Every structure is written in C-alpha cells, then in structure tokens.
1. Looking only at the stretch 58-76, filter to residues that are near the ligand (Cβ under 10 Å from one of its atoms) and surrounded by fewer than 23 Cβ atoms within 10 Å (Cβ to Cβ); which one of those is nearest to residue 4 (Cα to Cα)?
2. Going by the structure shown, is residue 80 within 25 Å of residue 305 (Cα to Cα) and assigned to a helix (DSSP H, G or I)?
3. Residues that are at pLDDT 95 or above, within 16 Å of the ligand (Cβ to nearest atom) and crowded, with 23+ Cβ neighbours inside 10 Å: does the stretch 194-213 have at least one?
4. In the list 147, 97, 102, 129, which residue meets the criterion of being assigned to a helix (DSSP H, G or I) and either away from the ligand (no atom under 14 Å from the Cβ) or touching a residue at least 40 places away in the same chain (Cβ under 8 Å) (or both)?
5. Under the condition of being buried (at least 20 other Cβ atoms within 10 Å of the Cβ) and within 16 Å of the chain's Cα centre (by Cα), which residue from the stretch 1-13 is nearest to the ligand (Cβ to nearest atom)?
6. Might you let me know whether the stretch 113-123 holds any residue that is surrounded by fewer than 24 Cβ atoms within 10 Å (Cβ to Cβ), touching a residue at least 12 places away in the same chain (Cβ under 8 Å), farther than 24 Å from residue 289 by Cα and over 16 Å from the mean Cα position of the chain (by Cα)?
7. Residue check, residue 243 against (1) within 20 Å of residue 128 (Cα to Cα); (2) surrounded by fewer than 18 Cβ atoms within 10 Å (Cβ to Cβ); (3) in contact with a strand residue (DSSP E or B) (Cβ under 6 Å, 6 or more places away or on another chain), all met but one. Which one?
8. When only residues in the stretch 15-38 that are in a helix (DSSP H, G or I) and near the ligand (Cβ under 10 Å from one of its atoms) count, which is surrounded by the fewest Cβ atoms within 10 Å (Cβ to Cβ)?
Ligand SMILES: NC(=O)c1ccc[n+]([C@@H]2O[C@H](COP(=O)([O-])OP(=O)(O)OC[C@H]3O[C@@H](n4cnc5c(N)ncnc54)[C@H](OP(=O)(O)O)[C@@H]3O)[C@@H](O)[C@H]2O)c1
C-alpha cells in the first residue's frame with residue numbers, strides 16, 4: 001500500500017502539535033509538503049516534521065497544488081480561510097480533509113462540497129473525537145441498546161483563554177469563538193450519538209454571550225436542540241472557565257458519563273451506570289487520518305463527510321447567526 005501523500009495547509013497549533021506528529025505515525029498517509037505564508041516558516045516546518053517531497057516547502061498554494069505527486073491536502077488554517085483553500089485543492093484534483101468547522105458561512109460550505117463533488121474528490125472534516133477509542137466504545141453501547149433509548153445528551157466543554165487576542169474572537173479570519181473552537185466538536189458528538197435513532201434537529205435555541213472580554217464573538221455559547229423523535233440535547237461551550245469537560249447520556253434504561261475525554265489526548269474516564277467502560281487509549285488524530293486515507297482509497301465516505309460537516313455548520317449558523 002502506497003501511503004497517501006498529504007500537504008498541510010497552515011503551520012499553527014493544531015498542525016504543528018498534533019497533525020504532523022500524527023502523520024508520522026500513520027500507515028496510510030504521510031506528510032508530503034507544507035504551505036505557510038512565510039517560506040522560511042514552511043522550510044522549518046518541513047524540516048522539523050520530515051516532509052517527504054523533493055521540494056516540500058511552499059508559500060504559494062498554486063505551486064503546492066501543481067505537484068502531480070500530491071494526493072491530498074489537510075486544511076489547518078483559520079476557519080474563514082478554509083473555503084478558498086478547499087475549493088482550490090478540489091479544482092486541482094486533490095482530496096481534502098478540512099479542519100472543523102468546515103467554513104464560517106453555510107453558503108461557503110455548500111460551494112466547498114459542490115467543488116469536491118464536481119471533481120470527484122473526497123471531502124472529509126476533521127472531527128477527531130469520533131476516533132477517540134472510548135467514545136467509539138460508548139457509541140457501540142448506545143447502538144446495542146445498553147442504555148435503552150437515549151433521550152437526552154449533554155456536552156460541556158470549556159477552557160480558559162487568557163485574553164481576546166485569538167483570531168477566533170475577531171472578524172478577519174474567524175466568525176465564532178467558543179462555538180467554533182469547542183462547541184462544533186460538541187455538536188458533532190451530539191449528532192453522532194443522537195441522529196441515527198432520534199432523527200434530525202428540528203428545533204434549536206441558543207444564547208451567545210461575551211461577558212468578560214467584551215469580544216466580538218461568543219465567549220460562551222449555550223445551545224439547546226430537539227430532534228425529530230422528541231429527544232433533546234444541550235451544549236455548553238466556553239472560553240472562560242477551567243472546569244470539568246463532560247459528556248452525559250440519559251437513556252430509558254441507563255446513564256453514561258465521559259469525563260476528561262474532550263481534548264486532544266484520547267484519554268479520560270467513561271462510566272456506564274457507574275461501571276467503568278474499559279478501552280485502550282489511542283491517538284485520535286492518527287485514527288482520523290487513517291480513516292480519511294481508507295476512504296480515499298476505497299472511494300467511500302470518511303467518518304464525517306462534507307455533507308455531515310455542512311449539517312454541523314448549519315447548526316452553528318442557526319445558533320449564532
Ligand atoms: N480538531 C482539533 O482538535 C483542532 C484543534 C485546534 C484547531 N483546530 C482547527 O484547525 C484550524 C487552525 O487552528 P489553529 O488553532 O491551529 O490556529 P493557529 O494556531 O492560529 O494556526 C493557523 C495557521 O494557519 C495559517 N494561516 C493561513 N492564513 C492565515 C491567516 N489569514 N491568518 C492567520 N493564519 C493563517 C498560519 O500558518 P502560517 O503562518 O504558516 O501561514 C497559522 O499558523 C482551525 O480551523 C481550527 O478550528 C482543530
């Protein structure tokens with residue numbers, strides 16, 4: 001099996017700390033090249049992470065995409081930049097794994113999905129928590145009926161930002177702050193758990209608030225949802241608090257809780273009716289990349305495809321227009 005040759009677009013936090021190291025551990029994919037706005041930055045990143053292309057460092061997206069040996073791009077730029085990069089990659093015939101959220105406007109997401117479909121390239125969205133081994137074990141329990149019918153899910157994910165200097169707090173390349181950094185992951189988990197048995201979200205109410213820094217975008221976001229079968233879910237996302245990160249599932253015949261699983265590490269404690277759910281922690285980013293590489297090779301859908309990422313984006317836009 002020849003590993004998929006992937007270019008990283010962006011050299012920031014997620015690319016440097018998690019995606020490039022995960023690519024180094026993958027069987028199905030390898031870091032081939034990298035795009036930065038600064039050529040010297042791209043060169044340093046390519047060197048640091050052992051990018052394999054003969055000329056791996058680029059400061060021009062067109063030049064990076066012109067490489068006939070490149071198979072796919074992994075878009076790790078700020079949210080508002082995704083659209084242009086994804087559409088350019090699709091038009092160049094490259095498969096795309098795009099960081100979450102897919103875009104900052106539903107109409108942009110629609111154009112991205114369409115561009116990928118028109119060129120017949122795979123589009124996946126990087127919701128790595130679907131590849132957390134404990135979450136997979138928990139969802140298997142849900143599907144097997146261990147909790148009875150799950151009628152409510154609650155996800156609480158907060159962290160403490162030092163100030164409002166992050167790009168997510170501003171309009172140039174961001175649109176939502178708490179909602180786009182962690183809330184969209186929480187919504188993805190809710191959708192993964194609930195939609196197969198409860199149907200689509202038919203009602204949504206939300207509050208966004210910026211009480212501490214007076215940021216242009218949500219410092220905290222509360223989202224309440226109702227599904228077709230009457231089940232409900234709630235998400236609390238915030239950049240203001242160091243607090244427990246928790247998922248709770250309320251079923252007719254049982255209750256499950258995951259504590260400390262939300263984040264990059266693939267760890268945390270999960271209980272079903274107070275009994276520990278055993279699982280072997282794995283790197284969720286490696287799982288995400290292997291899943292994408294498999295989908296490209298087999299011409300099937302990755303765990304979160306463009307359409308599912310678009311449903312998530314629609315909920316973000318409905319929550320905080
Ligand atoms: N799934 C996860 O666990 C996870 C975690 C964190 C972030 N993310 C997602 O990954 C994406 C990147 O987030 P991040 O936290 O890595 O952000 P970040 O640290 O700010 O890095 C973003 C990088 O994008 C590049 N970039 C391109 N155009 C840019 C522009 N106009 N302004 C600023 N940077 C630009 C920059 O690289 P150069 O300077 O080299 O051009 C920058 O370092 C976001 O969509 C975010 O939601 C996902």
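1. Filtering first and then ranking leaves 61.
2. Against the criterion (within 25 Å of residue 305 (Cα to Cα) and assigned to a helix (DSSP H, G or I)), residue 80 qualifies.
3. Scanning the stretch 194-213 turns up no residue that is at pLDDT 95 or above, within 16 Å of the ligand (Cβ to nearest atom) and crowded, with 23+ Cβ neighbours inside 10 Å.
4. 129
5. Applying the filter and picking the extreme gives 10.
6. So far as the stretch 113-123 goes, no, none of its residues is surrounded by fewer than 24 Cβ atoms within 10 Å (Cβ to Cβ), touching a residue at least 12 places away in the same chain (Cβ under 8 Å), farther than 24 Å from residue 289 by Cα and over 16 Å from the mean Cα position of the chain (by Cα).
7. Going through (1) within 20 Å of residue 128 (Cα to Cα); (2) surrounded by fewer than 18 Cβ atoms within 10 Å (Cβ to Cβ); (3) in contact with a strand residue (DSSP E or B) (Cβ under 6 Å, 6 or more places away or on another chain) one by one, residue 243 breaks only (1).
8. 17
The values are calculated or read from the model by the stated rules, or taken from the named source; none is laboratory data. What you see is a predicted model, and the numbers here were worked out from it, not measured in a lab. Please note: Cβ atoms are built from the backbone with ideal geometry, for glycine as well, and neighbour counts cover all protein chains shown.
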